[in-house]
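The values are calculated or read from the model by the stated rules, or taken from the named source; none is laboratory data. Remember, predicted model here, so these are calculated numbers, not experimental data. For neighbour counting, all protein chains shown are included, and Cβ atoms are generated from backbone atoms with ideal geometry for every residue, glycine included. Just so you know, the surface numbers come from the protein's heavy atoms only, side chains and all, with ligands and any DNA or RNA stripped out. Shrake-Rupley method; radii C 1.70, N 1.55, O 1.52, S 1.80 Å.
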Amino acid sequence: MPAKILDGTAISRQILDELRAEVGEIVKKTGKAPGLVTILVGNNPASASYVASKVKTAESLGFHEVQINLPEETTEAELHALIEKYNEDDDVHGILVQLPLPKGINEKAIVNAIDPDKDVDGFHPLNLGKLLASGGKDGFVPCTPAGIKEILRRTGVNLDGAEVVVVGRSNIVGKPIAGLLAQKDDTANATVTITHTGTKDLAFHCRRADVLVVAAGVPGLVKPEWLKPGACVIDVGVNRIGMNEKTGKAILSGDVDFARAREIVGMITPVPGGVGPMTIAMLMKNTVRSAKRHLGLE
Ligand code: NAP
């Protein structure tokens, strides 16, 4: 039987509907809407498209939304000054600086300059530390790992004692999802292995995964014969593998051969329409949570 498709678009719609209701309550109680500032520097088309989706979703939820587009030549000092301004602005509860930043701007310094209590991307070292210490309950969890965990939770995947293998160890996906799923609590408690380019036998690790999270950015990296029958596969990879001549849009693929994998595994996320929409939904969720904290509702 072909695998169940984990439809991130449908799950994210449910989350957005729940958030829309929460935003209504916040406005009713405080007269204020969650405030999100998005800052885009330069002309990277992929970044512009990601920011446009985030802004559109924020608007659809009734957020107070401030969108700032800065030229490529923006200096690090100018960006710092802007972040400082919004750190101090009580109507702003979330600040998002779209990465990557143009060469010449120290990304780490910029991420560190955002008030950790407004860091709705969850990239600040303080929030990453809170994630490791306590699963991020009192901080912000980065949106992609948070989205992966939410897909697993809403689908009823049992993580307790499960063998989870994560391919990739970036600070925005691989390490935080591994940290989250290894937490000792009743939403996680998995046995987690992190793999990367230094891993000697990637196939061996993938083969024993009950839950396989692949975030490498290499199309077709995980071969169908490496998959455990019945496993749950979360394909985070987004790879542009061509161009649709009719629509002019990029053709996207994940890191797993979806068509062949779905004949073997029990559940799988598609690309697009899997983890991507969940990432945006969790950004909105983080912003609503931040607004509630700042407005004294949590
Ligand atoms: P990244 O920073 O480039 O990290 C990639 C990781 O994969 C690295 O740890 C790398 O290992 C590992 N890797 C690469 N090739 C490998 C191989 N042949 N064997 C084993 N490990 C390998 O990427 P990222 O930011 O985590 O993103 C990963 C993918 O997810 C990309 O396609 C990105 O576009 C996508 N993504 C999607 C979303 C979404 O919302 N859907 C969000 C974020 C990212 P080393 O550490 O050894 O180099």
(message) For a quick check of understanding: with a 1.4 angstrom probe and all protein chains in place, what accessible area in square angstrom does GLU78 have, to the nearest ten?
(response) 100 Å²
(request) Please work out the Cα center distance from region 34-103 to region 203-256, rounded to the nearest Å. (result) 30 Å
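Using a Förster distance of 51 angstrom, determine the FRET efficiency expected from the C-beta separation of ARG240 and LYS28, and round it to 0.05. Mind dumping the intermediate values first?
Values: r = 43 Å, r/R0 = 0.85.
Efficiency for this residue pair is about 0.75.
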(request) Decide, for region 56-106, between rounded, prolate and oblate: order the square roots of the alpha carbon gyration tensor eigenvalues as a ≥ b ≥ c, take rounded if a/c falls under 1.5, and otherwise choose prolate if a/b is larger than b/c, else oblate. (result) oblate
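More than 22 Å apart: what percent of Cα pairs in region 174-298 qualify? Walk me through the numbers on the way to the answer.
Values: 3566 of 7750 pairs.
When all Cα pairs of region 174-298 are counted, 46 percent exceed 22 Å.
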(request) May I ask you to derive the relative contact order of the chain, considering only C-alpha pairs under 8 Å and at least 6 residues apart, and to give it as an integer percent? (result) 22 percent
(message) Rounded to the nearest 20 debye, what is the charge dipole size of the chain about its Cα centre when +1 sits on each Lys and Arg Cβ and -1 on each Asp and Glu Cβ?
(response) 820 debye
(message) Counting each pair of different Cα atoms once, what's the Kirkwood radius of region 146-200 in Å, rounded to one decimal?
(response) 11.4 Å
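Which percent of the Cα-Cα distances in the chain go past 25 Å?
Numbers: 21706 of 44253 pairs.
More than 25 Å apart: 49 percent of the Cα pairs in the chain.
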(request) Work out, step by step, the length gained on full extension between VAL218 and THR155: first 0.36 nm times the residue separation, then minus their alpha carbon distance; give nm to one decimal. (result) 20.1 nm
(request) Might you tell me the accessible area per residue for region 74-194, computed with a 1.4 Å probe and given in Å²? (result) 43 Å²
(request) Can you tell me the order of 189-202, 35-48 when each peptide is scored by its average per-residue count of other Cβ atoms within 10 angstrom, highest first? (result) 35-48, 189-202
(message) Run the numbers for LEU132 and THR197: contour at 0.36 nm per residue of separation, minus the present Cα-Cα distance, in nm.
(response) 21.1 nm
(message) Students often get this wrong, so check it: of LYS54/LYS85; LYS4/LYS175; LYS32/LYS285; LYS130/LYS175, which have C-alpha atoms separated by over 19 Å?
(response) LYS54/LYS85; LYS4/LYS175
(message) With a 1.4 Å probe and all protein chains kept in place, how do ASP121, ASP255 rank by accessible area, largest first?
(response) ASP121, ASP255
